[in-house]
1. Return the pair list, or none, for Cβ contacts closer than 6 Å from residues in the range 15-37 that are without any contact (Cβ under 8 Å) to a residue 24 or more places away in the chain to residues that are assigned to a loop (DSSP other than H, G, I, E, B) and near ligand 1 (Cβ under 6 Å from one of its atoms), at least 6 apart or on different chains.
2. Might you check whether a residue that is under 13 Å from Leu77 (Cα atoms), more than 14 Å from ligand 2 (Cβ to nearest atom) and surrounded by 21 or more Cβ atoms within 10 Å (Cβ to Cβ) occurs anywhere in the range 93-111?
3. Determine if the range 214-229 includes at least one residue that is of a type in the set (Asp, Glu) and surrounded by 14 or more Cβ atoms within 10 Å (Cβ to Cβ).
4. Within the range 178-192, how many residues are touching a helix residue (DSSP H, G or I) at 6+ places or on another chain (Cβ under 7 Å) and under 19 Å from Ala211 (Cα atoms)?
5. Report whether or not Cys86 is over 22 Å from Ala30 (Cβ atoms) and within 16 Å of ligand 1 (Cβ to nearest atom).
6. Being surrounded by 16 or more Cβ atoms within 10 Å (Cβ to Cβ) and either of a type in the set (Lys, Arg) or without any contact (Cβ under 8 Å) to a residue 40 or more places away in the chain (or both) narrows it down to one residue among Ala211, Ala204, Ala279; which is it?
7. Could you check the range 125-238 for helices (runs of 4 or more DSSP H) lying wholly inside it with 3 or more residues that are within 16 Å of ligand 2 (Cβ to nearest atom) and over 29 Å from Gly103 (Cα atoms)?
8. Given the condition assigned to a strand (DSSP E or B) and surrounded by fewer than 17 Cβ atoms within 10 Å (Cβ to Cβ), answer yes or no: does some residue in the range 252-260 qualify?
Amino acid sequence: MSGASGAVSGNGTVVRCDVCPRGCALAPGAMGACRARANVGGSVRPTGYGRITSLAVDPVEKKPLARWRPGSTVLSLGGYGCNLHCPWCQNHTISQVGETGVGWREVSPEELVTLARRLHVEDTRMVGIAYTYNEPFVCWEFLRDAGTLAHEAGLANVLVSAGCVNEHVIHEVAPLLDAANIDLKSARPETYRSLGGDLGRVQATIELLAAEPSCHLEVTTLVVPGVNDTPAEMDELAAWLADVDSGIVLHVSRFFPNWRKRDVGPTPVSVVYDLAEFARKHLRWVYTGNC
Ligand code: SF4
Ligand code: SF4
């Protein structure tokens, strides 16, 4: 494990994590809200580093990436933990648990890249590694270490993230990314606050990755009934994205009841299509998903 971050407070026992806007103040032994970082011996450590819960070769279209190396696949891995707590999380069995809540096995960056390289030799459509399923940034040091080795081995790095992370972390990993899909869950700060996130930080992540020459960027908005399903909000969201870059790809995706969000049914397909049309007033590339 490597790459601890955080600052020691005045009394020398509580440390504050500086990875995301939650800024968890961690007493000795305490775990952060993401359940993947903790105060270990007076510094913040990524305790979920290299602890893999899921590993699969997926088509890039499933990430989703619609306009990056179509027809290729990526070795996709997830760990556990997330700094947001979306009640509809499809991956809550890994995103909303810590080290005791799910089975995991430790994989080093070297082992991961060796496996990816072998898969690439067997099938050249397999082009790299995707950091996905839970929130990769809660153990961003693994992304940095594996991503560096992957590039040295001629493999690509793909990030799938909610993007709610502080700027210094983005600067560390952005040059390693070949493609990213970032959630933009809402145009409303209050919606992000209800999930434990910060709209401004997500927007800053999107702006930074859009400006990164080596990184192809796509964005996903899951349309949840009663949360973000109005034309006015989609108009605002797509207009903001277009101000960043009207060539950014947007996926407008359909919600299905899940985990703690079962008080509404699936998003009507017609609503997804209508909102995608609103988004197309601003953006060149808009796709619908889960319809
Ligand atoms: S990354 Fe985790 S420990 Fe660090 S501030 Fe965010 S939620 Fe807290
Ligand atoms: S940000 Fe993604 S992984 Fe985290 S809780 Fe929300 S939907 Fe789940």
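The values are calculated or read from the model by the stated rules, or taken from the named source; none is laboratory data. All figures in this text were calculated on a predicted structure; none of them were measured in a lab. Don't worry about glycine lacking a Cβ; one is built from the backbone with ideal geometry, like all the others, and counts go over all protein chains shown.
1. Here the result reads Cys24/Cys17; Cys24/Gly32; Cys24/Ala33, each pair linking the range 15-37 to a residue that is assigned to a loop (DSSP other than H, G, I, E, B) and near ligand 1 (Cβ under 6 Å from one of its atoms).
2. Yes, some residue in the range 93-111 is under 13 Å from Leu77 (Cα atoms), more than 14 Å from ligand 2 (Cβ to nearest atom) and surrounded by 21 or more Cβ atoms within 10 Å (Cβ to Cβ).
3. Just the residues of the range 214-229 that are of a type in the set (Asp, Glu), to begin with: 218, 229.
From what is left, the residues that are surrounded by 14 or more Cβ atoms within 10 Å (Cβ to Cβ) are 218, 229.
The answer is yes, given that some residue of the range 214-229 is of a type in the set (Asp, Glu) and surrounded by 14 or more Cβ atoms within 10 Å (Cβ to Cβ).
4. Within the range 178-192, the subset touching a helix residue (DSSP H, G or I) at 6+ places or on another chain (Cβ under 7 Å) is 180, 182, 184-189, 192.
Still in the list and also under 19 Å from Ala211 (Cα atoms): 180, 182, 184.
The qualifying residues number 3.
5. Working: over 22 Å from Ala30 (Cβ atoms): yes; within 16 Å of ligand 1 (Cβ to nearest atom): yes.
It is true that Cys86 is over 22 Å from Ala30 (Cβ atoms) and within 16 Å of ligand 1 (Cβ to nearest atom).
6. Numbers: Ala211 fails: surrounded by 16 or more Cβ atoms within 10 Å (Cβ to Cβ); Ala279 fails: either of a type in the set (Lys, Arg) or without any contact (Cβ under 8 Å) to a residue 40 or more places away in the chain (or both).
Only one candidate passes the filter, namely Ala204.
7. Qualifying helices (runs of 4 or more DSSP H): 189-195, 199-210.
8. Let us first name the residues in the range 252-260 that are assigned to a strand (DSSP E or B), namely 252-254, 258.
Add one more test, that the residue is surrounded by fewer than 17 Cβ atoms within 10 Å (Cβ to Cβ), and what stays is 258.
Scanning the range 252-260 turns up at least one residue that is assigned to a strand (DSSP E or B) and surrounded by fewer than 17 Cβ atoms within 10 Å (Cβ to Cβ).
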